[in-house]
1. Which condition number in (1) hydrophobic (A, V, I, L, M, F, W, C); (2) at pLDDT 95 or above; (3) in contact with a helix residue (DSSP H, G or I) (Cβ under 9 Å, 6 or more places away or on another chain) is the one that Leu177 fails?
2. Answer yes or no: is there a residue in segment 182-200 that is among the polar types (S, T, N, Q), modelled with pLDDT under 95 and more than 19 Å from the chain's Cα centre (by Cα).
3. Looking at segment 149-182 only, could you name the residues that are basic (Lys, Arg) and either part of a loop (DSSP other than H, G, I, E, B) or farther than 18 Å from Val121 by Cα (or both)?
Amino acid sequence: MRQLSISIESFFWNLFNRVQIKDVVDILIIALLLYKVFQFTRQTRAGQVFKGFLLLILVGWFSNLLGFQALNWLIGSIINNGAIVLLILFQPELRRTLEQIGRGAKVAHLTENKDESSRIVFEISQTLISLSRRRVGALIVFEQNTGLKDFIDTGTTLESKISGPLIANIFEPNTPLHDGAVIIRDDRIVAAGCVLSLSENSNLGRELGTRHRAGLGVTESTDAIVLIVSEETGIISMAQGGKLTRHLDIDSLTKILSGMYKHDKLSLRGVLASIKAYFVRKAVKNVEH
């Protein structure tokens, strides 16, 4: 602990007495890293422990300045051995944070055909509304940047075109695949009957069953977007980033799905078509002149 205190004192002495551009950049990088850690671990167990760990370092530093040898030794022992313990205890949270850092920004599903995008949005939204009215449970996972192969392998591979009747038939009670999750990648239904990991959130209400906990669980470890229909109440919910949004209606569903299935106006095919049309118009003008 004393060595840590000396290092901190040396850092601040150099900071205020021999400031260089690289020191400013160094501080900004550290500040950004700490901010990202706080952001990714916010409202999680790891976040609370991380704050406590920083507070412990601060108390240890002050105890060394005030000459409290016993307290300084105790805090130093905890810090020296506690770092390894924290890495083991919070391995899932740390892995999730690293995944989020490497994942980058979410990319919406892009389709070259605007009519196909509209069809997908319409069929999925109408199917979910129909299932909701009939109180038929459903769990649909939309893959984003993070691959879901581990979950796909637990189900039955379909690799079929997105179809409202097919989705409705999968979740029909007493059918082989109705209890699992459907996983969609872009404009394909990749698999059905998939098993998802349950949420570790202990603050969820008792009214939320296994289907909701599974939907939340997959969004806690990936960037997937999940739509859920409650079998008991018919309420439609969306899970994203470990958070649940309930009581969705047709307008909300359409907005969410439209955000995922944006029409790519700048697709390669569209660009090539525009270039071709330009040269055709230019050739026609040359002939006319």
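1. If we test Leu177 against (1) hydrophobic (A, V, I, L, M, F, W, C); (2) at pLDDT 95 or above; (3) in contact with a helix residue (DSSP H, G or I) (Cβ under 9 Å, 6 or more places away or on another chain), just (2) comes out false.
2. No, because not a single residue in segment 182-200 is among the polar types (S, T, N, Q), modelled with pLDDT under 95 and more than 19 Å from the chain's Cα centre (by Cα).
3. Correct list: Lys149 only.
The values are calculated or read from the model by the stated rules, or taken from the named source; none is laboratory data. In this text the structure is predicted, and so the values were computed from the model without any measurement. Positions of Cβ are backbone-derived with ideal geometry, glycine not excepted, and every protein chain shown enters the neighbour counts.
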